[in-house]
Amino acid sequence: MAIFEQALVSGILIGGVYALIGIGLTIIFGVMRVINFAHGDLLMVGMYLTYYIFTILHIDPFLSIAITIPLMFLFGAFLQKFFINRVLNALPQNQILLTIGLGLIMSNTVMLAFTSDYKILTTKYSSSSVTILGISISSPLVISFAITVAISLALTWFLRETNTGQAIRATAQDREAATLMGINVKRMSIIAFGLGSALAGTAGALIAPTYYIFPQVGSIFTLKAFVITVLGGLGSVSGAMIGGVLIGVAESVGGAYLGSGWKEVITFVLFLLVLLLKPSGLRGKSQT
């Protein structure tokens, strides 16, 4: 029972960070209906940013998100304005090929600049743990989860209470109707892609202290982001939150009982079951 409890709590904590990845992809898809295959590579860029901010500037990885978020937002806005925006009305396969190409450019540029060697971000608290209800949990996981909750609450408030957030939601619901209501949908698309990129970069910053950093790491998280997004329901922010936690728990509990090699298998079995039993995802077509 102790093993199950340990795995369950760890799964919930890492699942919160996974949720950030899924939320970023969901916002991008919800507003622009573009499937972003470069999402994991944006996370990878966030990991490298965090690593070098820590190595060169000696700023704690969790504090460095104050730098990572605006930089990743600007990078995402740049990609949307000069690349993604050109294929918004193109065939889906053209959009997919463009985002795959952008992802390859990012990963290969990083590999040329920093080599393909694995990097490890080690802090004083990397190996430390805290005890919660008699269960020993990694300190970085606890900090990451707390930051994830704060960011998720702030994002929810932004989308529901601010004029820009409501305009983003309106654009996600119906681009034509939003245009007729005077909303600048092109601007909302840039903001949405910037937000999605910032969330991916933040997730990378939160994962960096507990994960190997290398140029091809993005492909792992791109696949995970799609599983989370489809599991929760395309376009649903709350669904992405639920999907992220479910994937985290499934991986952690499955790894504890079946071995770490089975974690990915369990994730995709859960994914296939949802597709078979509820193809629209757990939250159906919920609004962003």
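Observations
- GLY76 being closer than 20 Å to THR123 by Cβ, surrounded by 24 or more Cβ atoms within 10 Å (Cβ to Cβ) and at pLDDT 95 or above: no
- Selected residue [in contact with a Phe, Trp or Tyr (Cβ under 8 Å, 6 or more places away or on another chain) and either of a type in the set (A, V, I, L, M) or within 15 Å of ILE12 (Cα to Cα) (or both)] from ILE220, ILE247, ILE266, ILE242: ILE247
- Unmet requirement for LEU97, which otherwise passes all of (1) assigned to a helix (DSSP H, G or I); (2) farther than 16 Å from PHE226 by Cβ; (3) in contact (Cβ under 8 Å) with a residue 24 or more places away in the chain: (3)
- Only one entry of LEU155, LEU206, LEU180 meets the criterion of being out of contact with any helix residue (DSSP H, G or I) (no Cβ under 6 Å at 6 or more places or on another chain) and in contact (Cβ under 8 Å) with a residue 24 or more places away in the chain, and that entry is LEU155.
- Taken together, the residues in segment 111-146 that are in contact with a helix residue (DSSP H, G or I) (Cβ under 6 Å, 6 or more places away or on another chain), of a type outside the set (S, T, N, Q) and within 23 Å of GLY194 (Cα to Cα) amount to 1.
- Residues that are in a helix (DSSP H, G or I), touching a Ser or Thr at 6+ places or on another chain (Cβ under 7 Å) and surrounded by 24 or more Cβ atoms within 10 Å (Cβ to Cβ), drawn from segment 31-63: VAL31, MET32, HIS39, GLY40, ASP41, LEU42, MET44, GLY46, THR50
- ALA198 meets each of the listed conditions (1) among the hydrophobic types (A, V, I, L, M, F, W, C); (2) touching a residue at least 12 places away in the same chain (Cβ under 8 Å); (3) over 13 Å from ILE69 (Cα atoms) apart from (3).
- Among the residues listed as ILE65, ILE100, the single one being under 30 Å from GLN6 (Cα atoms) and at pLDDT 95 or above: ILE65
- Any hit, segment 163-173, residues being over 22 Å from LEU20 (Cα atoms), more than 18 Å from the chain's Cα centre (by Cα) and exposed (fewer than 13 other Cβ atoms within 10 Å of the Cβ): yes
- Scan of segment 135-152 for residues that are touching a residue at least 12 places away in the same chain (Cβ under 8 Å) and either of a type in the set (A, V, I, L, M, F, W, C) or more than 25 Å from VAL217 (Cβ to Cβ) (or both), ordered by number: ILE135, SER136, ILE137, LEU141, VAL142, ILE143, PHE145, ILE147, VAL149, ILE151
- Residue pairs whose Cβ atoms lie under 8 Å apart, sitting 6 or more positions apart in sequence or on different chains, and linking a residue in segment 1-28 that is in contact (Cβ under 8 Å) with a residue 12 or more places away in the chain to a partner that is acidic (Asp, Glu) and buried (at least 18 other Cβ atoms within 10 Å of the Cβ), are GLY11/GLU251; ILE14/GLU251.
- Qualifying residue in segment 107-121 (condition: part of a helix (DSSP H, G or I), within 23 Å of the chain's Cα centre (by Cα), within 24 Å of ALA240 (Cα to Cα) and of a type outside the set (A, V, I, L, M)): no
- Unique match (being closer than 24 Å to ILE12 by Cβ and without any contact (Cβ under 8 Å) to a residue 40 or more places away in the chain) among SER236, SER252, SER260: SER260
The values are calculated or read from the model by the stated rules, or taken from the named source; none is laboratory data. Just so you know, these numbers come straight off a predicted model, no measurement behind them. Cβ atoms come from the backbone with ideal geometry, glycine included; neighbour counts cover every protein chain shown.
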